[in-house]
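Right, one structure below, let's go through it.
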Amino acid sequence: MARPSFGACHPLVRYTVSMDTLYDGSRTPILEALEKFQATENASLHVPGHKAGRGFASEFAKYAMPLARIDATELPGLDDLHHPQGVIKEAEQLAAMAWGSDTAFFLVNGSTVGNLAAVMAVVNAGDTVIIGRDAHQSVWHALELARARVVAVLPRHIGPLIGAIHAQDIEAAIHAYPEATAVVITSPTYHGIVPDLTSIVHLAHASGMKVIVDEAHGAHLAFHPDLPLSAVSAKADLVVQSTHKMTAAFTQTALLHVCGDKVDVENVRHYLRVFQTSSPSYLMLASIDAARAQLMVEGPVLIGKMLDILSEARKQLNDSYPGLVNAGFEGLMSDPFKWTLWALKWGVTGEQLANAFMQSGVFVELYDEEHVLLVWTYANSTRDMEKVIRVIHQVFHGRSRLAHAGHVSSWSNEIPRYSAVLPFDTSKKNKHLASLEDLPGKRAASAITLYPPGIPLLLPGEAYTANMIQYIKKCVAFGLRVDGLANAEEGRAWFLGE
Ligand SMILES: Cc1ncc(COP(=O)(O)O)c(C=O)c1O
């Protein structure tokens with residue numbers, strides 16, 4: 001990677017640099033410290049037990065070896081994730097500068113731990129929290145731990161599990177529940193839709209509420225002007241990002257940003273200590289550090305190149321097969337790196353299309369009855385695009401768009417506009433098991449979640465309906481992973497004793 005002089009960092013993000021803390025965005029403090037460490041140590045009498053990979057089983061060593069040398073732990077010169085004073089502190093400051101936040105925390109358990117810590121840091125037991133119902137299960141788990149009262153705002157659905165949270169609906173919830181202390185929004189959604197965050201943050205702050213944004217799918221947004229506004233730029237108070245999803249870092253890596261002065265940073269640090277391991281992987285920490293430097297130095301160019309490829313291909317495909325890519329997204333802000341292919345509009349199920357891709361060696365993010373989701377990043381190439389286009393032509397050529405391609409599942413119509421749920425008593429004594437057929441009318445004792453995307457179909461406390469049960473059975477029969485069932489094959493789930 002080229003090392004431009006300070007000042008060559010991309011101009012898109014807001015950051016302040018005081019005279020005594022000049023930071024070079026191309027530096028990677030953690031990686032530099034690891035390089036120095038592995039060059040000097042010649043006998044390891046500390047953990048990890050693999051001793052720079054020498055103890056690895058040979059089948060594993062053939063993949064893991066070069067990395068094993070920097071799979072270190074908190075040794076002199078390598079700092080401490082929970083009390084950063086050295087290279088981790090410096091790397092976190094660089095990350096805050098890159099994304100434009102005031103404080104950034106490196107995470108080694110994904111956005112999952114970011115959501116847990118963010119919610120716990122600002123929500124007290126009994127507080128009311130307004131939340132987009134399309135939130136990931138980690139947010140629901142956090143609210144359960146916090147014993148919050150939750151007002152869930154339904155997205156306006158475009159298709160099953162695809163929807164957009166509208167600022168007007170959040171505004172209505174804020175008026176209806178003025179006692180709420182926080183608003184939690186997912187942006188972008190799994191399918192790439194970005195709500196009007198600026199308005200939501202403005203409305204929430206005007207009512208004294210804090211805003212947490214689960215931006216697990218949006219770590220790249222800050223690095224190109226043609227991408228939707230990032231949550232940090234929209235001035236959310238806490239922003240959680242998976243660096244492993246839309247940027248080029250190891251799986252499980254993530255960031256938690258604190259912006260402004262409404263949130264006590266030490267409270268956030270406390271909950272990260274509660275939830276994160278005391279032995280963080282330096283491979284992960286170095287990988288966040290390197291991805292951040294890459295984004296600051298080359299991000300706009302890498303992203304810009306891929307955006308050109310995506311926009312050209314999407315135009316061509318929608319000319320040939322109108323409405324195939326991201327139909328229904330018109331008028332909404334969305335991330336061009338996510339493609340929802342609406343196969344069923346052309347008489348092809350999501351599963352059939354996903355299988356056709358797989359036969360050509362193309363593995364997709366997810367599929368359901370109606371569509372397939374493709375996740376692109378700046379690490380993809382023209383060659384990947386050519387493969388995708390080839391499969392699409394093979395599958396859709398000669399087909400015509402169905403006149404009435406209605407949605408297969410209507411369960412989402414049954415969910416109330418707001419559902420006030422939690423805290424609820426899900427203690428073991430209040431949970432009972434029944435087969436799916438016997439559940440309509442009873443209230444769920446645990447969330448029923450399709451994974452991916454990890455968004456609950458049913459929240460604890462909400463009533464099972466016949467339609468919902470039918471949908472759950474269909475997903476199981478389809479081979480999809482449904483979390484929250486006692487045993488998917490036996491088809492039983494928990495309900496709350498009244
Ligand atoms: C919106 C959203 N938030 C949070 C998560 C959890 O992220 P991680 O896998 O980094 O823990 C996911 C995972 O898919 C997600 O889609």
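The values are calculated or read from the model by the stated rules, or taken from the named source; none is laboratory data. In this text the structure is predicted, and so the values were computed from the model without any measurement. Heads up, the Cβs are rebuilt from the backbone with ideal geometry, glycines too, and the neighbour counts pull from every protein chain shown.
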#### Entry: Among (1) surrounded by 21 or more Cβ atoms within 10 Å (Cβ to Cβ); (2) closer than 20 Å to L307 by Cβ, the one test that D226 misses
(1)
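Considering only residues that are under 16 Å from the mean Cα position of the chain (by Cα) and part of a loop (DSSP other than H, G, I, E, B), which ones fall in region 237-252?
If we filter region 237-252 for residues that are under 16 Å from the mean Cα position of the chain (by Cα), which is where we start, we get 238-252.
Answer for region 237-252, where residues must be under 16 Å from the mean Cα position of the chain (by Cα) and part of a loop (DSSP other than H, G, I, E, B): T247, A248, A249, F250, T251, Q252.
In contact with a Ser or Thr (Cβ under 8 Å, 6 or more places away or on another chain), under 30 Å from H50 (Cβ atoms) and not assigned by TED's automatic domain parsing to the domain that holds A216: does that describe D71?
Yes: the conditions hold for D71.
With a cut-off of at least 3 residues that are under 20 Å from E215 (Cα atoms), under 15 Å from the mean Cα position of the chain (by Cα) and within 16 Å of the ligand (Cβ to nearest atom), name the strands (runs of 3 or more DSSP E) lying wholly within region 127-188.
Details: elements: 128-132, 149-153, 156-159, 162-164, 182-186.
Answer list for region 127-188: 182-186.
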### Query
In region 329-370, how many are among the small types (G, A, S), crowded, with 17+ Cβ neighbours inside 10 Å and out of contact with any Gly (no Cβ under 6 Å at 6 or more places or on another chain)?
3
### Message
I'd like to verify a number: residues in region 81-113 that are assigned to a loop (DSSP other than H, G, I, E, B) and in contact with a Gly (Cβ under 6 Å, 6 or more places away or on another chain), how many?
### Response
0
### Query
How many residues, within region 105-126, are more than 10 Å from the ligand (Cβ to nearest atom), in contact with a helix residue (DSSP H, G or I) (Cβ under 6 Å, 6 or more places away or on another chain) and among the β-branched types (V, I, T)?
3
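Being at pLDDT below 90 and not in a helix (DSSP H, G or I), is that true of even one residue in region 432-440? Walk me through it before giving the result.
Applying the first criterion (at pLDDT below 90) to region 432-440 yields none.
Within region 432-440 (the criterion being at pLDDT below 90 and not in a helix (DSSP H, G or I)), the answer is no, since none of the residues qualifies.
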### Task
Could you look through region 254-289, keep only residues that are over 15 Å from V232 (Cα atoms) and part of a loop (DSSP other than H, G, I, E, B), and pick out the one that is farthest from the ligand (Cβ to nearest atom)?
D264
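Where residues in region 22-50 are of a type in the set (D, E, K, R) and closer than 15 Å to L295 by Cβ, which of them is surrounded by the fewest Cβ atoms within 10 Å (Cβ to Cβ)?
Going residue by residue through region 22-50, those that are of a type in the set (D, E, K, R) are 24, 27, 32, 35-36, 41.
Next, only the ones that are closer than 15 Å to L295 by Cβ stay: 24, 27.
On the way: D24: 16, R27: 18.
Top of the filtered list is D24.
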### Message
Please determine whether any residue of region 96-104 is over 29 Å from A43 (Cα atoms), modelled with pLDDT under 95, of a type in the set (D, E) and more than 15 Å from the ligand (Cβ to nearest atom).
### Response
no
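Take region 202-223 and flag every residue that is within 19 Å of the chain's Cα centre (by Cα) and more than 16 Å from the ligand (Cβ to nearest atom). Show your work before the answer.
Step one: filter region 202-223 for residues within 19 Å of the chain's Cα centre (by Cα), giving 211-223.
Across region 202-223, the qualifying residues are A222, F223.
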### Message
Among the residues that make up region 374-383, is at least one of them outside the structural domain of G479 (by TED's automatic domain parsing), out of contact with any helix residue (DSSP H, G or I) (no Cβ under 9 Å at 6 or more places or on another chain), surrounded by 14 or more Cβ atoms within 10 Å (Cβ to Cβ) and not β-branched (V, I, T)?
### Response
no
### Task
Go through (1) within 27 Å of the chain's Cα centre (by Cα); (2) hydroxyl-bearing (S, T, Y); (3) more than 23 Å from L373 (Cβ to Cβ) one by one and return the number of the condition S435 breaks.
(1)
